[in-house]
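All of the numbers you see were taken from the coordinates with simple rules; none came from a lab. Note that the structure is a prediction, hence the values are computed from the model and not measured.
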Amino acid sequence: MTYRKSNSKLRFSQTLNKSNLENIFITNLRNVLQEKRMTIVYLVQISGVAESHLGDILRGKSKVTLYTMDKICHALGLDPSAMLEE
């Protein structure tokens with residue numbers, strides 16, 4: 001979050017970058033898995049994403065591509081844009 005001074009007024013703006021979006025996606029994915037009482041192994045089976053890759057994503061060791069995000073969201077029955085909302 002940043003504050004900028006413009007025309008003698010403070011204006012608030014929030015900067016979202018790729019790293020922030022990945023963190024939001026990972027947090028939301030963890031929450032969905034917990035709410036659905038779903039294991040990573042089951043998500044691997046229904047999404048086709050490799051278990052090691054999914055584990056690395058959840059630990060923040062691997063970047064999430066749009067393709068992988070789409071596969072995960074499709075398997076969960078969710079819209080990808082919903083997984084990027086705080």
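Tabulated data
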item	result
Under Karplus coefficients 6.51, -1.76 and 1.60, residue-wise ³J(HN,Hα) of region 23-37 in Hz, glycine/proline x	5, 5, 4, 4, 4, 5, 5, 4, 5, 5, 4, 5, 4, 8, 6
Å³ per residue enclosed by the Cα convex hull of region 17-84	74 Å³
